[in-house]
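Here is the structure we will look at.
The values are calculated or read from the model by the stated rules, or taken from the named source; none is laboratory data. As the structure is a computational prediction, the values presented were derived from the model and not from experiment. When we count neighbours, we look across all protein chains shown, and the Cβ atoms used for this are built from the backbone with ideal geometry, even at glycine. Areas reflect the complete protein model, heavy atoms only, side chains present, ligands, DNA and RNA absent. Shrake-Rupley method; radii C 1.70, N 1.55, O 1.52, S 1.80 Å.
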Amino acid sequence: MLSIPWLWSCCLDTQILVCILLFGLLGIAIRTRLRNKHVLLDPQGRAVLITGCDSGFGNLLAHRLLDLGFTVFAACLFPDGDGAQALRHHSAPGQVKVIRLDVTSDKEIEQVKQYVQDNLPEKGLWGLINNAGISMWGMVEWLTIDKFQRVLDVNLLGCIRTTMAFAPLIRKNKGRMVFLSSTNAYISFMNSIYSLTKAALEKFCDSLRLEMKPFGVQVCIIEPGNYAPATNIQSQKSADKVWGSLTAEAKKVYSKEYIEEITKFVNEKLDEGSIKSYEVVDAIVDALTSPAPQARYLVASVAEKVAVYLYLWLPTSLFDKILFFKAGKFKCVPQNDK
């Protein structure tokens, strides 16, 4: 026979779960109502600064925002390149301002800041989109400290430099800061150098979001999945090139056959990526214009979203087993160096 205390405990647990569910549904309803609230953001007279506009998401976003009527400061590493020229021919005179910017250069950051201040439209700087980034894959022992420093300087410190430079202008207009992260901030396999920069960027944005909230500034993170074919952020490598970049010590551990298998695996995964870059641009535009933007936009395939959720909720040891199973069992395995 079931005891009364046990039944009462079960009832309480059920009540708690029901309350949590109801509060969750209420939160969703409130957010939906806020997001559907008819609030017009007039882009006329508002400026946005986008880094990394040479190609990929940055270039496509610049075109979209120009069509919406924003004034766009398009920061390009190659201001005379094809991407920059396409932007110049896309808009009305004066609407787009193509400027050179290497986000690793403190001097260029200051020069661009001064240029933006001198050329702002009447409503000032509304948005800062930190899009510039580079990618590099490989196991930790395959890489050099110089490569780690290079990717860190662009993907993480570059965002911090632009944020510190332009935060006062964004704060003045209670605008938006948008950062391009990645699902690789959660899933790190063969891409430690890229993943660590995106994971660090996420924590930087978490701090910044809380610091900017009292000033009415919204900080949003965009987390794209695999869009390698659309952006070409990570070009494919040959096994010979990877093998040639290894140190003598690494070659004792990782045979060329193993390198060939890994390289083939990574290249196949890159090929499987989405070409629908507009999905990411849609999320960025929403972060810039919505009356209630999300703190994070996970823009990925169903499988990638499931992987992120499993990472967040499963024990690490179990998730690692799933990841290895998904990757497949390689025929060649590393050998202990002697």
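Taking LYS174 as the residue in question, decide whether it is open to solvent by 50 Å² or more (accessible area, probe 1.4 Å), at pLDDT 90 or above and out of contact with any helix residue (DSSP H, G or I) (no Cβ under 9 Å at 6 or more places or on another chain).
no
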_For region 44-83, give me the residue count where each residue is assigned to a loop (DSSP other than H, G, I, E, B) and within 16 Å of LEU120 (Cβ to Cβ)._
5
*List the number of the failed condition for ASN184; all other conditions in (1) open to solvent by less than 60 Å² (accessible area, probe 1.4 Å); (2) within 28 Å of LEU41 (Cβ to Cβ) hold.*
(2)
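Let's see how each residue does on (1) among the charged types (D, E, K, R); (2) open to solvent by 10 Å² or more (accessible area, probe 1.4 Å); (3) part of a strand (DSSP E or B); (4) touching a residue at least 24 places away in the same chain (Cβ under 8 Å):
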residue: VAL98; (1), (2), (3), (4): no, yes, yes, yes
residue: LEU128; (1), (2), (3), (4): no, no, yes, yes
residue: ILE134; (1), (2), (3), (4): no, yes, no, yes
residue: LEU152; (1), (2), (3), (4): no, yes, no, yes
residue: CYS159; (1), (2), (3), (4): no, no, no, yes
residue: MET164; (1), (2), (3), (4): no, yes, no, no
residue: VAL178; (1), (2), (3), (4): no, no, yes, yes
*Among the numbered conditions (1) modelled with pLDDT of 55 or more; (2) open to solvent by 90 Å² or more (accessible area, probe 1.4 Å); (3) in a helix (DSSP H, G or I), tell me where TRP8 comes up short.*
(1)
*Find the residue count for region 252-264, including only residues that are surrounded by 15 or more Cβ atoms within 10 Å (Cβ to Cβ) and either out of contact with any helix residue (DSSP H, G or I) (no Cβ under 6 Å at 6 or more places or on another chain) or not in a helix (DSSP H, G or I) (or both).*
6
_Residue, surrounded by the fewest Cβ atoms within 10 Å (Cβ to Cβ), within region 137-150, restricted to residues that are assigned to a helix (DSSP H, G or I) and in contact (Cβ under 8 Å) with a residue 60 or more places away in the chain_ = GLU141
*Taking GLU108 and the conditions (1) part of a loop (DSSP other than H, G, I, E, B); (2) without any contact (Cβ under 8 Å) to a residue 40 or more places away in the chain; (3) of a type in the set (Asp, Glu), which numbered condition does it fall short on, given that it satisfies the others?*
(1)
*Which number in (1) touching a residue at least 12 places away in the same chain (Cβ under 8 Å); (2) open to solvent by 30 Å² or more (accessible area, probe 1.4 Å); (3) over 20 Å from the mean Cα position of the chain (by Cα) marks the one condition that ASP240 misses?*
(1)
_Qualifying residues in region 306-319 (those that are open to solvent by 70 Å² or more (accessible area, probe 1.4 Å) and either in contact (Cβ under 8 Å) with a residue 40 or more places away in the chain or not β-branched (Val, Ile, Thr) (or both)) - the one nearest to LYS203 (Cα to Cα)_ = LEU312
*If you check ALA92, ALA86, which single one turns out to be in a loop (DSSP other than H, G, I, E, B) and open to solvent by 30 Å² or more (accessible area, probe 1.4 Å)?*
ALA92
*Quick one: count up the residues across region 103-153 that are over 24 Å from the mean Cα position of the chain (by Cα) and of a type in the set (Gly, Ala, Ser).*
1
